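Asks: This is the structure I want to talk about, given as structure tokens.
The values are calculated or read from the model by the stated rules, or taken from the named source; none is laboratory data. Computed from a predicted structure; not experimentally measured. Glycine gets a Cβ as well: all are built from the backbone with ideal geometry, and neighbour counts include every protein chain shown. Note: areas computed on protein heavy atoms with side chains; ligands, DNA, RNA excluded. Shrake-Rupley method; radii C 1.70, N 1.55, O 1.52, S 1.80 Å.
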Amino acid sequence: MRRLILFLATTCVWAQVSFRDHVIEPKIPGGYALLVVDLNKDGRPDVIGLTSRLTELAWYENPTWERHVLVKDQNGLVNLAAHDLDGDGIPELAVETEFSMVAAKSQGLVWILEHQGDPRQAWKTRKIDALITSHHVGWADVDGDGKKELINAPLIGPKGLAPTYDQDLVPLVFYQTGLAVREQSLHGTLEATVREAVEEAERLCTRYGIAFHASGASSPLQSLAPEAGSRPWAGCQRPWTVSYVTANGNVLPCCISPWTAKDYKGAILGNAFHEPLAELWNGERYQSFRTSFESDTPPDPCRECGSLWSI
């Protein structure tokens, strides 16, 4: 069989291309990470730059490079990645903060930043994890479902020490999107079918002698109904019934507190690796936490409990 081979002749014209520098930000000491992405849906690539020496994260609008602050009061800024989760043309930002080369001092907070209509104004922050020495972050379709997940690669294991940092291993984790969002929450949206299902479960448990309790409230139905009073957290029983211990031994009042506390370190009531749990449970710091809980100014992690999420 005869095959026809067609050769196309092209002419390459070489031209010299010159570049010139533009100083976008002259005052960013120890600049560490840079991200180029369109943040205002105008088709032009904007620039985000960060450094751990500053507590503000800002972006610079192309072509004037006007500076807009995304968030303030963030210590240990280390890395970020962008992906449009909601399809509105403006990406959400995954940001990692509270990083330190000393693992014991590195909370490794992971945040999602979302614009509130005008990307030039401050963005809303949502904390999704606290994993020691969280450092590298990126988006990729991990499970092949066509949606990108957020990948987090910490730098140093909890027991890693200088100069080798090889005394411990680190996990590589990813977070699936679309989980644990307000639209999927039953709290504050007790439809008749949900109420009937809970009441039927209560009847069956009573019949067969099974204890049926909510995690922190006196009853499952109470836990799903938002409190309208001035002390919505007050119905929670966790300060007297449970503790939450992290993988590195930190003792917290409950499993919700790592996500709700504005000051994660302030929510830690001790460390089970350094002190017996019974002593922590009955110790001064836990007792002080309970006293504050019963006042009109509860501890930081508890302030929105019962109103924004279930008790």
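Asks: Considering only the stretch 245-261, state which residues are open to solvent by less than 80 Å² (accessible area, probe 1.4 Å) and either assigned to a loop (DSSP other than H, G, I, E, B) or under 19 Å from Glu304 (Cα atoms) (or both).
Replies: Once the filter is applied, which keeps residues that are open to solvent by less than 80 Å² (accessible area, probe 1.4 Å) and either assigned to a loop (DSSP other than H, G, I, E, B) or under 19 Å from Glu304 (Cα atoms) (or both), the stretch 245-261 yields Thr246, Asn248, Gly249, Leu252, Pro253, Cys254, Cys255, Ile256, Ser257, Pro258, Thr260, Ala261.
Asks: Residue by residue through the stretch 89-124, note down the ones that are buried (at least 19 other Cβ atoms within 10 Å of the Cβ) and of a type in the set (Ser, Thr, Tyr).
Replies: Thr97, Ser106
Asks: Exactly one of these conditions fails for Ala272: (1) open to solvent by less than 50 Å² (accessible area, probe 1.4 Å); (2) modelled with pLDDT of 85 or more; (3) closer than 17 Å to Asp129 by Cα. Give me its number.
Replies: Tallying (1) open to solvent by less than 50 Å² (accessible area, probe 1.4 Å); (2) modelled with pLDDT of 85 or more; (3) closer than 17 Å to Asp129 by Cα, Ala272 fails exactly one: (3).
Asks: Further, regarding this structure: Would you be able to say whether some residue in the stretch 201-215 is under 28 Å from the mean Cα position of the chain (by Cα) and either more than 30 Å from Lys159 (Cα to Cα) or open to solvent by 70 Å² or more (accessible area, probe 1.4 Å) (or both)?
Replies: The answer is yes; a qualifying residue exists.
Asks: Could you tell me whether the stretch 262-282 includes any residue that is in a loop (DSSP other than H, G, I, E, B) and of a type in the set (S, T, N, Q)? Don't jump to the end; show me each part of the working.
Replies: Of the stretch 262-282, the ones in a loop (DSSP other than H, G, I, E, B) are 262-263, 268-270, 272-276, 282.
Subset that is of a type in the set (S, T, N, Q): 282.
Yes, the stretch 262-282 contains at least one residue that is in a loop (DSSP other than H, G, I, E, B) and of a type in the set (S, T, N, Q).
Asks: Here is a list: Asp84, Asp38. Which entry is open to solvent by less than 70 Å² (accessible area, probe 1.4 Å), modelled with pLDDT of 95 or more and of a type in the set (Asp, Glu)?
Replies: Asp38
Asks: Across the stretch 41-65, what is the total count of residues that are outside any loop (DSSP other than H, G, I, E, B) and either modelled with pLDDT of 95 or more or among the basic types (Lys, Arg) (or both)? It would help to see each step written out before you state the result.
Replies: Quick first cut of the stretch 41-65, residues outside any loop (DSSP other than H, G, I, E, B) only: 46-50, 57-61.
Applying the additional criterion that residues be either modelled with pLDDT of 95 or more or among the basic types (Lys, Arg) (or both) yields 46-48, 57-61.
So the count comes out to 8.
Asks: Out of the residues in the stretch 233-244 that are surrounded by 14 or more Cβ atoms within 10 Å (Cβ to Cβ) and part of a loop (DSSP other than H, G, I, E, B), state the one that is nearest to the chain's Cα centre (by Cα).
Replies: Only one residue tops the list, namely Ser243.
Asks: Restricting attention to the stretch 123-138, does a residue exist that is part of a loop (DSSP other than H, G, I, E, B), in contact (Cβ under 8 Å) with a residue 12 or more places away in the chain, closer than 22 Å to Asn250 by Cα and touching a Phe, Trp or Tyr at 6+ places or on another chain (Cβ under 7 Å)?
Replies: As a first pass, look at the stretch 123-138 and keep what is part of a loop (DSSP other than H, G, I, E, B): 123, 131-133.
Adding the requirement that they be in contact (Cβ under 8 Å) with a residue 12 or more places away in the chain leaves 123, 131-133.
Those still in the list that are closer than 22 Å to Asn250 by Cα too: 131-133.
Remaining after also requiring touching a Phe, Trp or Tyr at 6+ places or on another chain (Cβ under 7 Å): 133.
Checked against the condition, which is being part of a loop (DSSP other than H, G, I, E, B), in contact (Cβ under 8 Å) with a residue 12 or more places away in the chain, closer than 22 Å to Asn250 by Cα and touching a Phe, Trp or Tyr at 6+ places or on another chain (Cβ under 7 Å), the stretch 123-138 yields at least one hit.
Asks: May I ask you to say which residue of Gly146, Gly157, Gly188, Gly216 is at pLDDT 85 or above, farther than 22 Å from Asp84 by Cβ and either of a type outside the set (Gly, Ala, Ser) or in a loop (DSSP other than H, G, I, E, B) (or both)?
Replies: Values: Gly146 fails: farther than 22 Å from Asp84 by Cβ; Gly188 fails: at pLDDT 85 or above; Gly216 fails: at pLDDT 85 or above.
Just one listed residue meets the conditions, Gly157.
Asks: So, in the stretch 10-59, exactly how many residues are among the acidic types (Asp, Glu) and over 30 Å from the mean Cα position of the chain (by Cα)?
Replies: 1
Asks: What number of residues within the stretch 129-156 satisfy the criterion of being open to solvent by less than 30 Å² (accessible area, probe 1.4 Å) and not small (Gly, Ala, Ser)?
Replies: Going through the stretch 129-156 one residue at a time, the tally reaches 9.
Asks: So is Ala267 open to solvent by less than 30 Å² (accessible area, probe 1.4 Å), of a type in the set (A, V, I, L, M), over 30 Å from Ala192 (Cα atoms) and in contact with a strand residue (DSSP E or B) (Cβ under 9 Å, 6 or more places away or on another chain) or not?
Replies: yes
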